[in-house]
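These notes are about the structure you will find just below.
What follows draws every value from the coordinates through simple rules; no lab data is involved. If you're wondering where the values come from, they're calculated on a predicted model, not measured in any experiment. Note: ideal-geometry Cβ built from the backbone for every residue, glycine included; neighbour counts use all protein chains shown.
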Amino acid sequence: MMILSYLLILLMIIGALAAVLFENLLNSIISLGLISLIAAALMYILKAPDVAMTEAIIGAGLTTSIFIFTLIKINRGDSQ
Amino acid sequence: MRFRDYLSLFLVIVLGFIIFQAFAGRTDDSLNIKQFGEVNLNERTSIHYINKDVNSETTPIIYKNTQNPESGSSNYVTSIIANYRALDTLGEITVLFIAAAGLAFVLGEHNKNNAFGSDASFIVKTGVKILFPLLFLLGIYIVVHGHLTPGGGFQGGAVIATAILLKFLAYKDYKLNHTTLTILESFAGISFLIIGLIGLYTDGSFLTNFLATGTIGTFFSAGIIPIIYILIGIKVGAELSGIISNLINA
């Protein structure tokens, strides 16, 4: 379980770097959703199922979609 | 990548290292931060909360057997969110309400079409037709069983909002009735306050568990906790659906 945690944390750091470094904003938003999803898995490993549910639904689902709608609204779907 | 990006990455790493150093290696008494595993819990306030069970002070709790414990919820996270720290929860849903109201104030025009301009494909529409009732039911299940299983009002309300988001993604002309949303939201908020005030009247403190808590682990137990969590579920579901609807139809 320890190795799995380290692997997930490594993936999270990669996702965070990708969210910052991607030129395309849509890719950045999807990376943010990935971070939330991995955080939910980590919360479940840490025996906090309530927080894991919240993180999975709000962090990975709703926030990602709201960001994408905002992106459509401000017409910046293309890379800068 | 430009020079500026490398510089900011370097600065963030240095800052993270400094913060890590400040908390990881420190064993001063001034900060009262000790190495992992070396803390004497008897010196801390938290030992009282570790020794005191959420449901009772002395006797052990037996699932589906113990009658009328202090707060009859078998999920102790719910005990804290909807009973011991219910005032904090009231503040949280107020924050969510203000966020939804601000968004509606900025983007609130409901007579335009959604952002995509056309219906989704046949496969997506059929999938949504199957998924929508199941997701809605799952949301209601999570809300109603908040005092027995992990989850509760916030999570279940968010699941319901996700189901409505799927409808918006599939159908171009899907509209929510904002009057219904307003009525549901106001009803939930006002009922929450009224329940708190009844506790103030009968037991002398705001949001006290004034009902009998029943047998732990059964569906009808835990006094006002399931009622408050169902109200929170209605409020969160209505607010998040309203936010999604305002964002898509603006």
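Points worth noting:
- Protection proxy ranking, peptides B:71-83, B:90-102, B:235-247, average beta carbon neighbours within 10 Å, highest first: B:235-247, B:71-83, B:90-102
- Cα-Cα over 23 Å, subset of A:K47/B:K167; B:K129/B:K235; A:K73/B:K129; A:K47/B:K129; A:K73/B:K235; A:K73/B:K167: A:K47/B:K167; B:K129/B:K235; A:K73/B:K129; A:K47/B:K129; A:K73/B:K235
- Placing R0 at 56 angstrom, the Cβ-Cβ distance between B:I47 and B:T126 gives a FRET efficiency of 0.50 after rounding to 0.05.
- Among the helices of chain B, those built from whole DSSP H runs whose Cα atoms reach 30 Å or more along their own axis and whose mean Kyte-Doolittle hydropathy is at least 1.0 are B:3-24, B:86-107, B:122-144, B:178-203, B:225-249.
- For chain B, adding -39500 (n - 2.57) for each run of n ≥ 4 DSSP H residues and dividing by the number of residues yields -20000 deg cm²/dmol at 222 nm.
- As a calculated quantity, the FRET efficiency between A:S5 and B:Y201 at R0 = 56 Å, using C-beta atoms, amounts to about 0.70.
- Global geometry of the protein assembly as shown, whether rounded, prolate or oblate, following the gyration tensor of its Cα atoms and the 1.5 cut on a/c: oblate
- More than 24 angstrom apart: percent of Cα pairs within chain B: 63 percent
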